[in-house]
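Below: one structure, written as structure tokens.
The values are calculated or read from the model by the stated rules, or taken from the named source; none is laboratory data. Values in this document were obtained by computation on a predicted structure and should not be read as measured data. Cβ coordinates were reconstructed from backbone atoms using ideal geometry, including for glycine residues, and neighbour counts include every protein chain displayed.
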Amino acid sequence: MKFTVTAIFSADPRIQLEAEPTDSIKDIKAKIEEIRGYEVERHKILTKGGFACEDEKTLEDYDIVEGSALLFLWQRCLGCEEKRKKKS
């Protein structure tokens, strides 16, 4: 059964994601990468209470249901901007 969760970002607008209870946290990160371009390896998902979610676990493992909000923290790559400039 599909349901909707809200992805909250520190600087970007919120987005709504369709999800299944059996979707893994890594699956949700991949959806965010597809929409926003944030690399899966570079962000973390926090649940209510501020607990970091493990990639292998599912939404149902964390009791994430219709209407739940997930906080996304994206880690910037130190030096990545400089590397991009050098390639140009």
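Each residue in region 39-78 was checked for being within 17 Å of F3 (Cα to Cα), in a loop (DSSP other than H, G, I, E, B) and acidic (D, E), and 2 of them qualify.
Candidates in region 1-16 are the residues that are polar (S, T, N, Q) and in a strand (DSSP E or B); of these, the one that is farthest from H43 (Cα to Cα) is T4.
Residues in region 17-38 that are surrounded by 15 or more Cβ atoms within 10 Å (Cβ to Cβ), assigned to a loop (DSSP other than H, G, I, E, B) and either at pLDDT 90 or above or more than 9 Å from the chain's Cα centre (by Cα) (or both): P21, D23.
When R84 is tested against (1) at pLDDT below 80; (2) outside any helix (DSSP H, G or I), exactly one condition is not met: (2).
Looking only at residues in region 7-16 that are under 10 Å from the mean Cα position of the chain (by Cα) and closer than 16 Å to I64 by Cα, the one that is surrounded by the fewest Cβ atoms within 10 Å (Cβ to Cβ) is I8.
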